[in-house]
Structures are given as C-alpha cells and as structure tokens.
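What follows is one structure encoded as structure tokens, with my remarks underneath.
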C-alpha cells in the first residue's frame, strides 16, 4: 500500500518546513508549494489524498485554491490554515480550519487523521 500523499501550500517557509518534517515522520508523503499556481501544477502531476492550504497567500487565496481543487480534483480532502482573526469566509465554505500560529503540531496530525477517516470531500460533510 502506498503512503498517503499530502499537499502543503503555505507562503511561510518555516510553517512548510515544520509541517513537512512532522507529517513525513508520521509516514505521509508530503509535497509543498508556496502559492496556488504551484499547488495546481502539483495537483495536475499526481493525485493527493489531503491538501492543507494557508488562507492568506499572495495571488490566489486558500479558499479560491480550495474551490478550484474541489472542482478539479474532488477526491482531495482539504484542511485550511489561517492566521487571520476573520474566519467567516472559511466557516461559510465549511472547510475544517486550524488557526496559526500552530501551538501544537499534533493538532494538524489529528485534523489529517480525521479527514482521512471521514467519507466524501464536500465541505461540511461529516460535521454531524
């Protein structure tokens, strides 16, 4: 069985480094991109199981990227990260979201495990 593939998209190199190391140690295969354009190119090259998108990025924001990903690659489960105090847009789109700064990297681990265990990929599915 092949490793679960995770796409990590964040314009903060330190976040990418920390999460890549943490998720790789758990056995996930992690690819990263600094923006939405790079992320879409990676998604076109190979399938991913989970995508972790920063909300605030230059060019295309994380929600725009998530919406494109959901329509083009419906099998990818999406987790949003944000340092913004305003999360109304993310909540309205009903994507799971973690706030930055990430005080506990275990929260990302748990969120990924929950996404992988949940059926479907539509926002809000499995929220109960």
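Could you check segment 43-67 and list, in sequence order, the residues that are surrounded by fewer than 18 Cβ atoms within 10 Å (Cβ to Cβ) and closer than 27 Å to residue 27 by Cα?
Passing the criteria: 44, 45, 46, 47.
Quick one: how many residues across segment 103-121 are over 18 Å from residue 30 (Cα atoms) and either in contact (Cβ under 8 Å) with a residue 40 or more places away in the chain or in contact with a strand residue (DSSP E or B) (Cβ under 8 Å, 6 or more places away or on another chain) (or both)? Even if it seems obvious, please write down each step before you answer.
Let us first name the residues in segment 103-121 that are over 18 Å from residue 30 (Cα atoms), namely 103-104, 117-121.
Filter once more, keeping what is either in contact (Cβ under 8 Å) with a residue 40 or more places away in the chain or in contact with a strand residue (DSSP E or B) (Cβ under 8 Å, 6 or more places away or on another chain) (or both): 118, 121.
Residues meeting the conditions: 2.
Under 6 Å between Cβ atoms, at least 6 apart or on separate chains: pull out the pairs that start in segment 90-102 with a residue that is at positive phi and in contact (Cβ under 8 Å) with a residue 24 or more places away in the chain and end on any residue that is loosely packed, with under 15 Cβ neighbours inside 10 Å and in a loop (DSSP other than H, G, I, E, B).
94/124
No lab work stands behind these numbers, since they all come straight from the coordinates. None of these values were measured; they are calculated from a predicted model. Virtual Cβ from ideal backbone geometry, glycine too; neighbours counted across all protein chains shown.
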